[in-house]
Amino acid sequence: MFKSYTLIKKLIVSLLTGLLVGLIVGIYQFILPYVTKGSEYMFNNHSWWVILLNIVLIIMLSVLNFFIIKKASSVDSSGIIAINLALRHNEDISFKKEIPLMIINSSISTYAQLPLGSEGPSITLAGKCASLINHLFKVKDDDNIKIAFGAGFGGAFVSPLSGFFYAFEEELHKVNFELILRTLVTAIGMGAIIILLNSHHSLSFDFVNYLPITEMYVLFIASLLIVIVAPIFLFTINTFKKFFNKYENNFFVKYRAFIFFILMIIFGYTIIPYLGSGDKIIDDSLMYQSVYLIVLILVFRIILTSIMGNGKVTGGLIVPSLCFGALIGSLSSLVFEKYFSLDSSYRSFIILASMCLFFAFISEAPITAVVLFFSNLVYSNESFNVFNYSTCFVILLIVIVFFITKIFNVKPLYDMLVDTQDEFNKHKIVNK
């Protein structure tokens, strides 16, 4: 009888957490497209007074960004590092001021066209929502927070099912009946709200034309490129992480966010189509006709995201990483279109598959990648008839990419960054 009561209480906690995550993440995701549109309008308007107003506004926002992160350090970067370190060391997860400040500061980064996404803050917001519910029920329930992470991920991509699997693959790392039931209840609660507030699908296209199984060599080449590029990105971002930690007291490192905002003013008036979270690049990757341009964008984005994704501003890394996958898919498709007469109508399929392959590599979450692939096929084509030889081949490639990460002992992106920060914090304590 006591066990039944305990389970019912946990399910109520899970349902309320899901509903709150759906509300908070939904509002957050609802706001961002309008922030993006406002930013693009200001950058594309070349009236002198609008330019001056925009520059002054971004400088003011950079100052606000500085004080927000100083006031609430857990909103730094995506917030995932701070919240995971708190879980790892059994510390309380603050939420009262952090929830609104995370939304505000991520909106600031979005307006400034920083190369950061919204999925990381969505995951962090979800975790903080779970902490709030735990606080209300006066329980210490880390599983609820980890389940909420999955709900936040699913909310960011409007894919409750992908969030369900993300919770197990990325956070819980264990499976039992109770956790399955609680994660399902949380996903349902989140999904019921998020669908009403957010219609933004980062990986969807107007229509996806299935690549014939006889042309799958294109995706094989894309997979090889991903296995090369993804480790370069992981190495680059971790190297900058270590560099910024080592020289944290250096004036330019300490106040690097102001340099970031100044750079975004310059870039915003010169190369705005290649800025932002990566959504625009994902859309435009269908139309790129220059191999050199794609390579340049890829190199530029990897460096820019690796630098600006390492703190003192707010934003996530998954959508920018998916952007790398889209560029690799576009590059692979374009080469075969130009030199081997591949029909360009298949490019959307190649790009979608490449994004999910890249995600599978940097997250080591193959089931989540597969679910993202199929859910966005369903959304793009408005049909559940998505299972065929071509999509099954993509599943096979995702599994192969996953096993490659295991063979070479590749750490997932956020786990790697959390470990790097944790090691640095311990080193500081020892030296004191």
| task | List the DSSP H helices in the chain whose Cα atoms stretch 20 Å or more along the helix axis and whose mean Kyte-Doolittle hydropathy is at least 1.6. | result | 48-71, 177-197, 291-308, 347-363, 389-407
| field | Burial order of peptide ranges 218-230, 354-366, 51-63 (average beta-carbon count within 10 Å, highest first) | value | 354-366, 218-230, 51-63
| Peptides ranked, highest mean first, by Cβ atoms within 10 Å: ranges 134-140, 340-346 | 340-346, 134-140
| remark: At the level of C-alpha centres, the distance separating the stretch 1-30 and the stretch 65-141, in angstrom, is 18
| Starting at 0 and stepping by 10 Å, how many percent of the alpha carbon pairs of the stretch 72-160 end up in each bin? | 18, 52, 26, 4
| Over the chain, what relative contact order in percent results from Cα pairs under 8 Å that are six or more residues apart? | 23
| Percent relative contact order of the stretch 225-354, based on C-alpha pairs within less than 8 angstrom and at least six residues apart? | 30
| task | Would you please give the FRET efficiency between Asn388 and Glu423, computed as 1/(1 + (r/R0)^6) with r the Cβ-Cβ distance and R0 = 45 Å, to the nearest 0.05? | result | 0.45
| request: State the percentage of accessible surface on the chain attributable to carbon and sulfur atoms; use a 1.4 Å probe and exclude ligands, DNA and RNA. | output: 69
| Helical contribution to [θ] at 222 nm, DSSP H n ≥ 4, -39,500 (n - 2.57), averaged over the chain, rounded to 500 | -25000 deg cm²/dmol
| For the chain, fraction of C-alpha pairs farther apart than 35 Å, in % | 26
| field | Average accessible area per residue (Å²) across the chain - probe 1.4 Å, nucleic acids and ligands excluded | value | 44
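The values are calculated or read from the model by the stated rules, or taken from the named source; none is laboratory data. In this text the structure is predicted, and so the values were computed from the model without any measurement. As a convention, Cβ positions derive from the backbone with ideal geometry for all residues, glycine included, and neighbour counts pool all protein chains shown. SASA here: full protein model, heavy atoms, side chains in, ligands and nucleic acids out. Shrake-Rupley method; radii C 1.70, N 1.55, O 1.52, S 1.80 Å.
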